[in-house]
1. Read through the list (1) part of a helix (DSSP H, G or I); (2) in contact with a helix residue (DSSP H, G or I) (Cβ under 7 Å, 6 or more places away or on another chain), then give the number of the only condition that Glu78 fails.
2. Which one of these is touching a helix residue (DSSP H, G or I) at 6+ places or on another chain (Cβ under 6 Å), in a strand (DSSP E or B) and either among the acidic types (Asp, Glu) or crowded, with 16+ Cβ neighbours inside 10 Å (or both): Val112, Val30?
3. Only one of Ser11, Ser68 is assigned to a loop (DSSP other than H, G, I, E, B) and either at positive phi or open to solvent by less than 20 Å² (accessible area, probe 1.4 Å) (or both); which?
4. Would you list the strands (runs of 3 or more DSSP E) that sit entirely within the range 179-278 and hold 3 or more residues that are open to solvent by 20 Å² or more (accessible area, probe 1.4 Å) and modelled with pLDDT of 95 or more?
5. Does Gly49 satisfy the condition of being assigned to a helix (DSSP H, G or I), more than 21 Å from Leu173 (Cα to Cα) and more than 17 Å from the chain's Cα centre (by Cα)?
6. Considering only the range 90-105, I want to know if a residue exists there that is within 14 Å of Val6 (Cα to Cα) and not in a loop (DSSP other than H, G, I, E, B).
7. Give the residue, chosen from Lys17, Lys59, that is surrounded by fewer than 23 Cβ atoms within 10 Å (Cβ to Cβ), of a type outside the set (Gly, Ala, Ser) and under 27 Å from Arg171 (Cα atoms).
8. Could you tell me whether the range 141-158 includes any residue that is in contact with a helix residue (DSSP H, G or I) (Cβ under 7 Å, 6 or more places away or on another chain) and modelled with pLDDT under 95?
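The values are calculated or read from the model by the stated rules, or taken from the named source; none is laboratory data. Fair warning: this is a prediction, and the values are worked out from it, not measured in the lab. Cβ sites come from the backbone with ideal geometry, for glycine too, and all protein chains shown count toward neighbours. Side chains included, ligands, DNA and RNA excluded: accessible areas come from the protein's heavy atoms. Shrake-Rupley method; radii C 1.70, N 1.55, O 1.52, S 1.80 Å.
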Amino acid sequence: MKDKVVIITGSNKGIGKEAAKQIAKLGAKVYMACRSLDSANQAKEEIIGETGNQNVFVKHLDLASVDSIQKFAASFKEEESKLDVLINNAGLWTKTKKLTDINVEQTFAVNVLGHHLLTQLLLDELKNAAPSRIINVASHFAGGLDIDDLNFKKRNYNESLAYKQTKQANRMLTREWARRLAKDNVAVYSMTPGFIPDTELFREQNVAGKLLIKMFALIEGRTIEEGADTIVWLATAEKINGSNGGFYNQRKEEKCKFNNPDDEKKLWDRCEKYLDRIKVNNSVL
């Protein structure tokens, strides 16, 4: 991975931090895109100390804020002309329904739309590095997507469903991105890290919820290292044994039950409609 440039969102903790460490060990230049700068800088020093790779950098990124995403992309472009791997890893699970600056439910904004905009803004750099890769961290815990009610105007807000629909969306948009970027030699993959109880994702759970998580972890739980392994493999392997746009688990492609090109295009168009509210070049593709 020497001479490769990699961005990992949400890499201050959990599987994102572990992926950053493993990729840094292989000699890549790693940009940690994180909301909490204090936590990210601490993680950066740990990664540099353990890997000896001085080319690890922190940049602020709040995926719920259009302004923050645009500033991150502009700052990255000032320093780099190419991007070999974009890892869209950051995720949110919250009990409280909130709307962002462009009137999008916060879980969807962070887990889906923010990464969608970030990817668009970095397309030139990804194309400059071709063959390059985009990796979207999704989940098996996915479903319930209502493309016509992403903001829960018709449905009662439910934190689990809000999270699940974003992970379905991640898998669907991965295939749409793969189709659109195939001619540019930019591959796009989604993956599941599995159920990882030792993560900040569940920090808002109550006592009963945390107890259930511990019980389920005894059956299905994976370590942070195990969860990050497929991310690192998709980012660094010379050849991926599977299809572009595929959904991967433990280094193997799995059949995705949400495979529907019409719905994928509809979801894409809905994301673009949200982004029409901001002045970005939405004809970039």
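1. (2)
2. After ruling out the rest, the residue left standing is Val30.
3. Residue meeting the stated conditions: Ser11.
4. 252-254
5. Considered against the rule, which asks whether it is assigned to a helix (DSSP H, G or I), more than 21 Å from Leu173 (Cα to Cα) and more than 17 Å from the chain's Cα centre (by Cα), Gly49 comes out as yes.
6. Checked the range 90-105: no residue is within 14 Å of Val6 (Cα to Cα) and not in a loop (DSSP other than H, G, I, E, B).
7. Lys59
8. yes
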